[in-house]
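One structure is given here, and the rest of the page talks about it.
Computed from the coordinates by the stated procedures, all read-outs in this text should not be read as laboratory data. Predicted, not measured: the structure shown is a model, and the values here were computed from it. Positions of Cβ are backbone-derived with ideal geometry, glycine not excepted, and every protein chain shown enters the neighbour counts.
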Amino acid sequence: MKLLTKTNQYAFLMVASVLLVGAVFLHFTLQYVISKEVSEILETELEEFTHAVGQDPEFVRTQSTAELEISIVSKIHSPDAFRDTLIYSAYEEEFIPYIQLTAYRKINDQYFRFTFRESLIESNDIVAVLVGVFIVICLLLFIGIIMLNKYLSGHLWKPFYIMLDKLKVYEMGDQIYAANSGSDIEEFNTLQGALEGLSRKIHSDYNNLKEFTENASHELQTPLAIIKSEIDLLLQDSHLPDHLQRLGIIEETVNRVAATNKALLTLSKIENDQFRGKSTIDLSALITDILEQLSDFIGAKELTIQFANEPYEILKNAPLLRILFQNVLSNAVKHNVQQGVIIIRLEPNNIVIKNSSSEVFIDPDLAFQRFAKANPASPSPGLGLAIASKIAEKLELRLDYQIQEGLHALTLTF
Amino acid sequence: MKILIVEDERSLREAIGNFLSSEGYRCEMAENFEIASEKMSLYEYDCVLLDITLPGGNGLKLLDAYKKDEKKGGVIIISARDSLDDKVSGLELGADDYLTKPFHLHELSARISSLIRRLNFQGNRVIKFEDIEIKPDSREVSIAETSIHLTRTEFELLLFFVQNQSRVISKSAIAEHIYGDNSDMADSYDFIYSQIKNLRKKLNEHSSNDYIHAVYGVGYRLSRK
């Protein structure tokens, strides 16, 4: 949910509850105040009439309306009492609320009952109007809050959104993250500072790691060279078949280490951008050359190669392109079956390499990961496809891997 | 034949020296930039094996000075840096070959012998082993004066064997020599096996001797009778 929507939701909840509580409170307060006011008026009237009746007993007969009844009674029945009552008004054609004061007074040895009524209809109208006005004010307030939020998120929060957009496209190993949000708000400036610090740290860690991998691989080359040389020397001096066989095993193992190391070195060099520059390459010639190198393996498996050797020029980094096709094609041969097939199609926008395979199809997402291999027992370090995908990334090609008509198919899209 | 080994790692320097000495080369050693610089300017060598990362300076500088002195000997760079830039600038500066660590001593030995042959005999040399004659540049092979036809791989194998005669050569050294980057192909040893079988068959058809012997579990050896 967006920040703006969320803020508006809270604003709505706040205004709605203020509206509800406020309207009820307003209503009852007004009711109370009005009824108190009306009661006071009635009491004043009672006093005035008591006085008037004291002056002129005949006054009683002249005064009797819907709002006032004075009658002579034999005794005092009850103390003064206020009462709410409804009286039907023929004019309004409805019951109208009244407050009624009933009081007994003894004036000049006579007992009088005074009944005063005061209509509440006007007061109720006022209450309704006031509550209505209150609701309108609240609604205006709500609209105001929404507009303010919209304005704030557009202006006040702008630096935040700028930073967010920059973060979205930030990639590891990119240049250091720097979004000049141009904000004068302390929190945003702190956030930006923190992000810059973080990205600088990530950047340097990432570079250190890349350099470390490369240096470590380099450092391993010389010890490996020593081991290999010593094995070669020992092979000349050993005469016990048992020792020779063990030397053979050691050598195999060292070769596996060396192969893994070499692949890691290639990967780190690609990641460290050590292949720069572009040149026009005839891809057909390149593929033919690689197939030629692989010809013994192709021949031994009696593979059928379908490849229309037509000039196909592209502008890319030559060494990277060679490593890429070397990997992809040797994979296609390596994992092929006896009397299998390799189909290479060069089309204007993509290159498809299909091959029959003895391997099970591995999930493409997994296949391009380092050390991913379908067969855990295979001595190959499983870096071939990782290298291929890394190169494809550098050469700005898309590398897809799927099953087409029962063949494993690698598609390179420009 | 005199060879200068410029390598800072003692074990490797000695292993190379050891191996090459037994091939009949006279080896001298240099473990750092200064010693190497001195020896390379004072003496003549048929071949200099040059490490690039040396204590005291960059091996490429030595190469540059060596070539400016117009020395005749060949230079093979042996480097842990498999970087293309180093390779290109090394070869541009006049290095004759570039070998990336880790390598097999057999490979180094074969490269040296090819280089020396190239430099000294302008390729007209015939390599002889018993009754086998190899003309490396025209890729011709004859046995007991009968010319025989070998495939490219078979020829490379024979030359590699002759360059490392009487030595035990492991299958991996052979695979690396023949297939280079593809030597890690799962079944490359099977191919080596069948290629050697074919080569042996062709040699045995014309020669009374069986020169190539399998060394159980490890590899092969080309030996005289």
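Using only Cα atoms, find the angle between the long axis of helix A:158-169 and the longest principal axis of chain A, and express it within 0 to 90 degrees, rounded to the nearest 10. The angle comes out near 30 degrees. When you filter the chymotrypsin sites (Phe, Trp or Tyr not before Pro) in the range A:22-105 for DSSP loop state and at most 11 other Cβ atoms inside 10 Å of their Cβ, you are left with A:TYR91. Taking label positions 7 Å along the Cα-Cβ direction at both B:GLU34 and A:ILE202, the computed distance is 4.9 nm, reported to one decimal. In this label model, A:GLU393 and B:SER11 are separated by 3.5 nm, measuring between points 7 Å along each Cα→Cβ vector. When the listed pairs A:LYS166/A:LYS278; B:LYS2/B:LYS135; A:LYS316/B:LYS87; A:LYS262/B:LYS67; B:LYS39/B:LYS128; B:LYS2/B:LYS61 are checked against a 26 Å cut-off, the alpha-carbon distance exceeds it for A:LYS166/A:LYS278; A:LYS262/B:LYS67; B:LYS39/B:LYS128. Residues in the range B:19-42 near a label at B:LYS2, defined as backbone nitrogen under 14 Å from the 7 Å Cα→Cβ point? Output list for this probe position: B:25-30, B:38-42.
Averaged over the residues of peptide A:209-221, the number of Cβ atoms from other protein chains lying within 10 Å of each residue's Cβ is 2.
For the range A:128-148 versus the range A:260-301, the inter-centroid distance based on Cα atoms is 73 Å. Averaged over peptide B:168-178, the number of partner chain Cβ atoms lying within 10 Å of each residue's Cβ comes to 4. Computed about the Cα centre, the dipole magnitude for chain B is approximately 700 debye when only Lys and Arg (+1) and Asp and Glu (-1) carry charge, each at its Cβ. Neighbours of A:SER284 by Cβ distance under 12 Å: Lys/Arg scored +1, Asp/Glu scored -1, total -3. Charge dipole of the range A:1-113 (Cα centre as origin; +1 on each Lys and Arg Cβ, -1 on each Asp and Glu Cβ, all else neutral): 780 debye, rounded to the nearest 20. Among the residues of A:331-344, the average count of other protein chain beta-carbon atoms within 10 Å of the residue beta-carbon is 1. Within the shell defined by Cβ-Cβ distances under 9 Å, the residues around B:LYS72 carry a net charge of -2, with Lys and Arg each +1 and Asp and Glu each -1. Computed from Cα atoms, the angle from the helix A:241-271 axis to the main principal axis of chain A rounds to 50 degrees.
The orientation-averaged projected area of the convex hull spanned by the Cα atoms of chain B comes to 12.6 nm². Taken along the Cα-to-beta-carbon direction at a fixed 7 Å, the label points for B:SER138 and A:THR29 span 11.9 nm.
Placing unit charges on each Cβ (+1 for Lys and Arg, -1 for Asp and Glu) gives chain B a dipole about its Cα centre, and among B:SER11, B:LEU91, B:TYR193 the Cα reaching farthest toward its positive end belongs to B:TYR193.
For the range B:132-217, applying the loop criterion from DSSP together with a ceiling of 15 other beta carbons within 10 Å to the chymotrypsin sites (Phe, Trp or Tyr not before Pro) yields B:TYR216. Here the range A:79-108 is scanned for amide nitrogen atoms under 13 Å from the site 7 Å beyond the Cα of A:ASP125 along Cα-to-Cβ, giving A:92.
Using the Cβ of B:ASN120 as centre and a radius below 12 Å, the other residues enclosed give a net charge of +3, where K and R count +1 and D and E count -1. Residues B:VAL218, A:VAL169, A:VAL133, arranged from fewest to most other Cβ atoms within 10 angstrom of their Cβ, appear as A:VAL169, A:VAL133, B:VAL218. Only Lys, Arg, Asp and Glu carry charge here, each on its Cβ (+1 for the first two, -1 for the last two); on that basis the protein assembly as shown has a dipole of about 2680 debye about its Cα centre.
The Stokes-Einstein estimate for the range A:1-122, based on a Kirkwood radius over Cα pairs and taken at 4 °C with 1.567 mPa s viscosity, is a diffusion coefficient of 73 µm²/s.
When A:VAL18, A:VAL33, B:VAL75 are arranged by Cβ crowding within 10 Å, least crowded first, meaning fewest neighbours, the order is A:VAL33, A:VAL18, B:VAL75. Considering only B:ASN198, B:ASN182, B:ASN120, the Gaussian network model of chain B with Cα springs below 10 Å gives its largest mean-square fluctuation to B:ASN182. Taking only the C-alpha atoms of the protein assembly as shown, the Rg (one decimal) and the largest Cα-Cα distance, Dmax (whole number), read 49.8, 170 Å. Axis of helix A:384-394 versus longest Cα principal axis of chain A: the two differ by about 60°, to the nearest ten degrees. Of the trypsin sites (Lys or Arg not before Pro) found in the range A:62-140, those in coil by DSSP whose Cβ has at most 14 other Cβ atoms within 10 Å are A:LYS75. The ranking of A:HIS27, A:HIS239, A:HIS335 by Cβ neighbour count inside 10 Å, starting from the fewest, reads A:HIS239, A:HIS27, A:HIS335.
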